[in-house]
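Report on the following structure.
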Amino acid sequence: MIIDNIENAQNYFNLHPSFKDAFQYIASNDFSTINDAIIEFPNEIKAFITTGQGKLKATSLEKFECHDKYIDIQFCVSGVETFGWKPREKCYLQKGAYNPEKDVRFFNEQPDMFFQLTNNQFAIFFPNDVHAPMIGDSEIKKLVVKIKI
């Protein structure tokens, strides 16, 4: 997992061939003026903008998730979003089967840590990062970019 501010995104361009395109797109758009939408990218990148009410920790942890085929870049447009996180190798209680269509598996675990993102900050979640997003007590607007490994 990586947590940083969009101004430092160039530090991560070399981690994946699609990171440069994704981060340049994020840095060059004002998402506060864009309604919830699905964004089409080339190179097997998917993205969507969503706005929603933050959830209680217990509610978010019902979907403590990770992905096998995609890396998530989760960018906070506005609000304060808290995440739970735990390394996948420490998660033993899988909840249900892996869903290959949605590339998601869930765990019945407790996070090792919680952290917050605010405006213009992002987190990169790799397949070994189990995470619980959207924890908060107010409205959260975010961009999620999914990059195929």
Taking 1 over the mean of 1/r across every pair of different Cα atoms in the chain, what Kirkwood radius in Å do you get? 15.5 Å
Of the accessible area of the chain, with the probe set at 1.4 angstrom, what percent is carbon plus sulfur? 50 percent
Just going by the charge dipole of region 1-135, with Lys and Arg at +1 and Asp and Glu at -1 on Cβ, which of F106, G52, A123 is farthest out on the positive end? F106
What is the magnitude of the charge dipole of the chain about its Cα centre, with +1 placed on the Cβ of each Lys and Arg, -1 on the Cβ of each Asp and Glu, and no other charges, expressed in debye to the nearest 20? 320 debye
If packing is taken as the mean number of other Cβ atoms within 10 Å per residue, what is the order of 91-97, 81-87, highest first? 81-87, 91-97
Computed ³J(HN,Hα) along region 138-149: with the Karplus parameters 6.51/-1.76/1.60, θ = phi - 60°, integer Hz and x for glycine or proline, the list is 9, 5, 10, 10, 9, 10, 10, 10, 10, 10, 5, 5
To the nearest 0.05, what FRET efficiency results for S138 and R88 with a Förster distance of 22 Å applied to their C-beta separation? 0.15
Return one whole number: the accessible area per residue of region 27-127 in Å², for a 1.4 Å probe. 55 Å²
Filter K20/K90; K20/K46; K95/K141; K20/K141; K55/K142 down to the pairs with a C-alpha to C-alpha distance above 20 Å, please. K20/K90; K95/K141; K20/K141
Positive end of the charge dipole of the chain (Lys, Arg +1 and Asp, Glu -1 on Cβ, about the Cα centre): tell me which of L143, I34, Q10 has its Cα farthest that way. L143
The Kirkwood hydrodynamic radius of region 65-141, taken as the inverse of the mean 1/r over all distinct Cα pairs, in Å, comes to 13.0 Å
Quick one: 3J(HN,Hα) in Hz for region 35-48, Karplus 6.51/-1.76/1.60 with θ = phi - 60°, rounded, Gly and Pro as x. 6, 3, 6, 9, 10, 8, 10, x, 6, 6, 9, 10, 8, 8
So which aspartates and glutamates pass the test for K148, namely a Cα distance under 17 Å, with those fewer than 8 places away in the same chain ruled out? D21, E40, E44, E65, D68, D72, E101, D103, D129
Full extension between T51 and F114 adds, at 0.36 nm per residue less the Cα distance, a length in nm of 20.6 nm
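The values are calculated or read from the model by the stated rules, or taken from the named source; none is laboratory data. Because the structure is predicted, anything quoted here is derived from the model rather than measured. Reconstructed Cβ throughout: ideal geometry from the backbone, glycine too, with neighbour counts over all protein chains shown. Side chains included, ligands, DNA and RNA excluded: accessible areas come from the protein's heavy atoms. Shrake-Rupley method; radii C 1.70, N 1.55, O 1.52, S 1.80 Å.
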